[in-house]
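Have a look at the structure below, then the notes.
The values are calculated or read from the model by the stated rules, or taken from the named source; none is laboratory data. Since the structure is predicted, the reported quantities are computational estimates derived from the model, not experimental observations. Glycine gets a Cβ as well: all are built from the backbone with ideal geometry, and neighbour counts include every protein chain shown.
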Amino acid sequence: MANTTGVKYGGREKGTPNRLTKELRAILKEALHKELESIGERLEQLEPKERVEVLIKLMPFVFPRMNTVSHSMDEPVDFSDW
């Protein structure tokens, strides 16, 4: 029978992090840290084409994505900020 009263019984309290998620993040963080220590050596073992492909895939995690800026002819141009 479902609880239709709106009162919560049992379970985690609001704002309490999920223990499994916390443990999993710690394990993944440690594994990633170990891999990052040897990434230079691993990149050197790749062929140049493969190395460039890997670096291109990693770039979005290092550099912010640039947005295009456009100007329409109907808008006035304000150069006071330059």
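Quick notes
- Segment 46-58, residues that are surrounded by 10 or more Cβ atoms within 10 Å (Cβ to Cβ), in a helix (DSSP H, G or I) and out of contact with any Leu (no Cβ under 8 Å at 6 or more places or on another chain): E50, V52, E53, L58
- Being among the aliphatic types (A, V, I, L, M) and in contact with a Leu (Cβ under 9 Å, 6 or more places away or on another chain) holds for only one residue in L43, L36, L32, and it is L43.
- Boolean, L28 is part of a helix (DSSP H, G or I) and modelled with pLDDT under 90: no
- So G40, is it exposed (fewer than 10 other Cβ atoms within 10 Å of the Cβ), of a type outside the set (V, I, T) and assigned to a loop (DSSP other than H, G, I, E, B): no
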